[in-house]
Amino acid sequence: MEGRYEFDGKKPVAMAGGKNLQAIMISSLNSALGTRLRGSSCRALRPEAGLATIGNANVPWTAEALSVRVILKLPTAGIEVPVVELCEGLDFPDP
């Protein structure tokens, strides 16, 4: 398949290009993960890398709106990332 796709839980869906705020938050998340994973056997990859699973693993996908009070928890990697850390210095438009 050409282009960028994401898995919606059932099938690949074409992705639109990210907006600046989204791109900055993704970059911040990647940096935060990279820092927390340093010295381990895990690596933080950019979204373009896609998702790797072992065999025919069924990956449950969920989506939710996040507030700056939320902490993203990745228990299998033993790390947590406060969402507020990903939003530092960003000006969000009024809803």
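We did not get these values from a lab; they are worked out from the coordinates using the rules stated. What you see is a predicted model; the values in this text were computed from it and never measured. Glycine gets a Cβ as well: all are built from the backbone with ideal geometry, and neighbour counts include every protein chain shown.
The table that follows gives values for the structure above.
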quantity: Residues R69 and E48, FRET efficiency given R0 of 30 Å [Cβ-Cβ distance, rounded to 0.05]; calculated: 0.50
quantity: Amide H contacts of I79 (H built 1.01 Å from N, under 5 Å, at least 5 apart or other chain); calculated: L74
quantity: Within-13-Å neighbourhood charge of S28 [Cβ basis; K, R +1; D, E -1]; calculated: 0
quantity: Amide hydrogen neighbours beyond the local backbone of Y5, cut-off 5 Å, H modeled; calculated: M15
quantity: Computed FRET value (nearest 0.05) for V84 with T35, which takes r as the C-beta separation and R₀ as 25 Å; calculated: 0.95
quantity: Net charge over other residues, Cβ less than 13 angstrom from the Cβ of A44 (K, R count +1; D, E count -1); calculated: +3
